[in-house]
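Comments concern the structure below.
The values are calculated or read from the model by the stated rules, or taken from the named source; none is laboratory data. None of these values were measured; they are calculated from a predicted model. Don't worry about glycine lacking a Cβ; one is built from the backbone with ideal geometry, like all the others, and counts go over all protein chains shown. Areas reflect the complete protein model, heavy atoms only, side chains present, ligands, DNA and RNA absent. Shrake-Rupley method; radii C 1.70, N 1.55, O 1.52, S 1.80 Å.
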Amino acid sequence: MGMSWLLATHFGFFEPLEPIGGIPQTAVSLTARLNFRGNIPAMVMNYNTKIFLSVVSDLRKKFDKTKEIASCKKRTDDEADQEALDRLVDIIRNEEQEYDDKEKKAIREGKEFYEKCKGSPGMKNIKSPDSKVEMKIVHVGDDSLITASATTVMHASVEYLAACVYFFESRERQIKASQRRITEHHVKHVNEHTLYYITSRELGFFLNQRDWRSKVTWLKEGDGKVFIDISDTKDVMEEYPVKDGNVLASGHTFWFFEPLEPIGGIPQTAVSLTARLNFRGNIPAMVMNYNTKIFLSVVSDLRKKFDKTKEIASCKKRTDDEADQEALDRLVDIIRNEEQE
């Protein structure tokens with residue numbers, strides 16, 4: 001049986017790229033012209049060409065550092081987030097802010113909304129996915145309008161917690177957006193204490209997506225309390241119009257952070273989130289309750305992030321043990337040294 005020669009021309013191109021976390025990066029290309037000679041079916045040609053080109057895949061796998069690069073990128077993102085968060089905490093804690101009349105009005109109306117909801121007899125407890133977060137809800141008028149609240153105590157300072165809520169651009173928040181059914185979001189800053197937050201959310205159950213256009217303002221009072229008001233706005237409607245097929249929803253959300261006495265040096269903050277949500281349209285109560293729990297879950301996520309229950313329990317035990325030892329030592333001293341009648 002005769003043998004035919006394979007005529008081939010191939011060219012490899014290696015181009016250096018910017019390294020990632022000290023790991024070299026190279027763009028690699030292999031270009032080839034193959035002539036197998038003879039009348040060979042296309043299927044056979046394709047099969048053998050894939051084998052020929054697989055040398056590139058083998059080489060890539062040999063030096064694959066995808067996990068290391070992902071870890072490096074996450075570390076870099078985390079460091080950038082932490083730097084931005086620390087800066088925001090410092091602003092809230094130490095830098096005095098000046099507010100215009102609209103911003104002052106937003107905070108004032110937010111406080112009034114919070115007080116009204118707090119004293120509402122119609123608010124009913126619902127089963128919370130987090131035993132340390134109390135959730136309440138009430139339907140107002142038609143089923144598409146709902147008022148809800150979530151309250152808890154968190155183990156971090158008011159400034160740090162408020163900064164976490166206000167930091168809408170964090171990578172962590174972007175990653176978790178899908179869990180809260182957020183499909184698109186934009187942030188537009190006005191100043192250090194006010195921004196616009198534009199979102200689209202899925203409600204599930206084959207319902208159209210809902211769009212929100214919100215103005216967000218934080219304020220810290222002299223007694224250490226911090227408030228964040230999130231209200232509807234028309235200011236950005238031209239720049240961010242409602243997407244085709246989506247429905248413009250309405251909402252008013254108010255965060256209240258109140259400092260408590262620390263325990264063993266661990267900060268304690270009472271946190272309340274109160275919200276009135278109008279999803280618009282004829283929406284079953286079951287769907288409303290489901291989406292409201294998802295909305296309120298941000299409180300649980302924040303609490304878990306700073307949970308120091310074990311450290312506090314250890315501190316309390318240590319304090320109790322010290323008090324017991326002090327009382328015991330006093331009793332020993334009485335028995336040893338003090339004459340009794």
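Data for the structure
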| item | result |
| --- | --- |
| Area of residue 185 that stays accessible when all protein chains are in place (1.4 Å probe, Å², to 10) | 60 |
| Selected from 63, 168, 257 as most flexible by GNM, with the chain as the system and alpha-carbon contacts under 10 Å | 63 |
| DSSP H segments from the chain that extend 15 Å or more along their own axis, Cα-based, with Kyte-Doolittle mean of 0.0 or above | 42-62, 285-305 |
| For segment 43-99: span of alpha carbons on each principal axis (Å, largest first) | 74, 24, 9 |
| Nitroxide proxy distance, nm - points 7 Å out along Cα→Cβ at residue 248 and residue 39 | 7.1 |
| Calculated FRET value between residue 238 and residue 338, using beta carbons and R₀ = 51 Å, to 0.05 | 0.05 |
| Per DSSP, loop chymotrypsin sites (Phe, Trp or Tyr not before Pro) in segment 201-245 with at most 16 further Cβ within 10 Å | 205, 206 |
| Prolate/oblate/rounded label for segment 179-303 (Cα gyration tensor, a/c 1.5) | oblate |
| Among 238, 95, 83: highest mean-square fluctuation, GNM of the chain, C-alpha pairs under 10 Å | 238 |
| Residue with peak Gaussian network fluctuation, the chain [Cα springs, cutoff 10 Å], from 171, 213, 318 | 318 |
| Estimated distance in nm for a label pair at residue 20 and residue 294, the labels positioned 7 Å out from Cα along Cα-to-Cβ | 3.0 |
| Kirkwood-based shape ratio for segment 254-305, expressed as Rg/Rh from alpha carbons | 1.15 |
| Bins of 5 Å from zero: percent of alpha-carbon pairs in segment 260-341 | 3, 10, 13, 12, 10, 9, 8, 8, 7, 5, 4, 4, 3, 2, 2, 1, 0 |
| Among [x] 0.95; [y] 1.50; [z] 1.17, the entry that matches Cα Rg over 2.2 N^0.38 Å as calculated here | [y] |
| Sites residue 324 and residue 188, calculated FRET efficiency, Cβ-Cβ separation with R0 51 Å, nearest 0.05 | 0.35 |
| Cα-based reach from residue 62 at 19 Å (exclusive), listing aspartates and glutamates while leaving out same-chain residues under 8 positions away | 15 |
| Distance from segment 302-326 to segment 128-180 (C-alpha centre basis), Å | 26 |
